[in-house]
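What follows is a single structure, written as structure tokens, with notes after it.
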Amino acid sequence: MYPIDMYKGSAEAGELAENLKELFSPESVAVVGASRHPGKIGYTILRNIIEYGYKGKIYPINPKADEILGLKAYPSVLDVPDKIDMAIIAVPVKIVPKVAEDCGKKGVKVLVVITSGFGEVGNIEAEQELIKIAREYGMRILGPNIFGLAYTPARLNATFGPKDIREGNIAFITQSGALGIALMGWTVMEEIGLSALISIGNMIDIDVIEVSKYLADDPHTRVITIYLEGLKPGTGKKFMEIMKEVTRKKPVIIIKAGRSRRGAAAAASHTGSLAGMDHVYNAAFKQTGILRAKTVEEMFDWARAFANQPVPKGERTIIITNGGGVGVLATDAAEEYGVNLITPSIELKDRFHRIMPWFGSPKNPVDLTGQAGVENYIKALEVAFESPEIDNIVVLYCRTAILDPRELAKGLVDTIKLYKGSGKPVVVGMVGGLDTFEAMKILNKNGVPAYPSPERAVSSLAAMIRYSRYLQKI
Ligand code: COA
């Protein structure tokens, strides 16, 4: 394992240089190892930085090239005439110390080290050497062994993943590079908007705790999601202290891999982190108000809800549906996840009854019946928003021949916008075919979290309620 003093050094530096501004919003970046050859990592990173629209200065560094992708290339960072805030390093491990030394001399603030072949394969000496150089010159290090980072408000995509990243307010920190890259494309397809995407790899300096702390104060981030395999030894106490502060400011959702015994062993050999002790992580998450998701899908389901909806002010929840079956499934899910479904008062039932076919049900779930049109949904939503008996709203829809889900989606978006000031979160569950999928896209694009099943909608609301309970408790 790692020598303890290395972590001491790293933690101290973390406390000294808490501001990671240059990591997220550098004014200039150099890509060291910017390759001339399409398909290579250094080439792809440079191309992504240019094509995603980074507005700062970009310097390709490659001793064998004069120009790459239309930009003047320099043999070394020391040849660049201007200052460099961030250097992205994509050269083989053997060359990294020399490059880092040059960066130090140049006054670079932060190194983003893409290169593999460090601690994850037992090459601790290389990590120690890199840390030593960074300390000497006061540089920070992200990585090594990462796919880079992106920060959409700065139009910075310094990764070798896909070029396009959908802008939004969900930050995603990942200890797994490959999973992170895979999820970049998936989030675009799923209409999940990201503020930041950070690959943290071996965490020899900047770690998940420090990045979370920075993002807690980032105005462009509303919710922090983390794929975590384990913390570095000796950072448990720091994790508890800082994450308590972070969750006071915004929700944190973690998917902690390595839950099983064999999974923990796999995680240990993947990032060399302290996996295992799952119950300890569970207790730590509970104490710090972190929401623990079991799957990637669940993590982003919950994050989607937090990203655009207000944190619930209370627990009293109503379900509005056009299908009895999905209403029952949502009711089961509500019980399972601890969501309190209200029993509407006679007055409230009367109001619901007036806006539905006579054979509908004004109880909870409010069943508008298969005959419901957009108008019925809008009126039911208005009743729910205006009722002092209700804190949270779940809208469900089953595809019927008489109600085009896309029309419903537009109606819901408009009504929910009108009631934005109500402080009541709304989640939507929809079941149907291709046009229903399109309707969910409309909803998600417009900040209304929509899911392809009643259970996922209820589970997301439940996560918000748990977070709200935690905030009230503290
Ligand atoms: N400064 C700047 N550039 C230099 C250099 C120096 N001192 N010395 C060499 N270069 C150039 C090379 O000439 C090359 O450019 P070219 O293709 O135009 O000739 C470029 O830097 C890259 O060097 P190369 O030797 O071709 O390395 P590579 O691209 O095959 O591999 C890494 C470099 C970093 C990609 C590789 O070592 C690595 O670590 N890969 C794994 C990365 C990874 O998976 N990270 C974790 C993801 S989760």
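The values are calculated or read from the model by the stated rules, or taken from the named source; none is laboratory data. All of these numbers come straight from a predicted model, not from anything done at the bench. Glycine also receives a Cβ, built like all others from the backbone with ideal geometry; neighbour counts cover every protein chain displayed. Note: accessible area is taken over every heavy atom of the protein model, side chains too, but ligands, DNA and RNA are not part of it. Shrake-Rupley method; radii C 1.70, N 1.55, O 1.52, S 1.80 Å.
For region 165-179, give me the residue count where each residue is crowded, with 20+ Cβ neighbours inside 10 Å and either assigned to a loop (DSSP other than H, G, I, E, B) or within 15 Å of the ligand (Cβ to nearest atom) (or both).
7
I'd like the full set of residues that are among the acidic types (D, E) and within 14 Å of the ligand (Cβ to nearest atom), limited to region 107-156.
Scanning region 107-156 gives E120, E127.
Applying the selection to region 16-42, what residues are within 11 Å of the ligand (Cβ to nearest atom) and either open to solvent by less than 40 Å² (accessible area, probe 1.4 Å) or of a type in the set (G, A, S) (or both)?
Listed by number, the residues that qualify are A30, V31, V32, G33, A34, S35, G39, G42.
If you go through region 403-411 one residue at a time, do you hit one that is open to solvent by 10 Å² or more (accessible area, probe 1.4 Å) and hydrophobic (A, V, I, L, M, F, W, C)?
Within region 403-411, none of the residues are open to solvent by 10 Å² or more (accessible area, probe 1.4 Å) and hydrophobic (A, V, I, L, M, F, W, C).
Can you work out which of the residues in region 180-203 that are touching a residue at least 24 places away in the same chain (Cβ under 8 Å), in a helix (DSSP H, G or I) and of a type in the set (A, V, I, L, M) is nearest to the ligand (Cβ to nearest atom)?
I181
Taking the condition of being within 31 Å of the chain's Cα centre (by Cα) and more than 14 Å from the ligand (Cβ to nearest atom), how many residues in region 59-87 meet it?
Matching residues across region 59-87 total 2.
Using the structure shown, decide if S459 is within 24 Å of the chain's Cα centre (by Cα), modelled with pLDDT of 95 or more and under 19 Å from N322 (Cβ atoms).
Taking the combined requirement at face value, the residue does not satisfy it.
Do we have A463 as assigned to a helix (DSSP H, G or I) and open to solvent by less than 10 Å² (accessible area, probe 1.4 Å) here?
yes
Quick check: is even one residue across region 240-263 among the small types (G, A, S), surrounded by fewer than 19 Cβ atoms within 10 Å (Cβ to Cβ) and free of Cβ contacts under 8 Å to residues at least 24 places away in the same chain?
yes
Please work out which residue is farthest from I318 (Cα to Cα), limiting yourself to region 449-463 and to residues that are hydrophobic (A, V, I, L, M, F, W, C) and touching a residue at least 60 places away in the same chain (Cβ under 8 Å).
Going through the qualifying residues, I end up with A463.
Of I204, I133, I124, which residue is touching a strand residue (DSSP E or B) at 6+ places or on another chain (Cβ under 8 Å) and either closer than 30 Å to R248 by Cβ or not polar (S, T, N, Q) (or both)?
Going through I204, I133, I124 in turn, just one is touching a strand residue (DSSP E or B) at 6+ places or on another chain (Cβ under 8 Å) and either closer than 30 Å to R248 by Cβ or not polar (S, T, N, Q) (or both): I204.
Return the residues of region 43-58 that are of a type in the set (A, V, I, L, M, F, W, C) and away from the ligand (no atom under 13 Å from the Cβ); say none if nothing qualifies.
If the condition is that a residue be of a type in the set (A, V, I, L, M, F, W, C) and away from the ligand (no atom under 13 Å from the Cβ), then I49, I50, I58 are the ones that fit.
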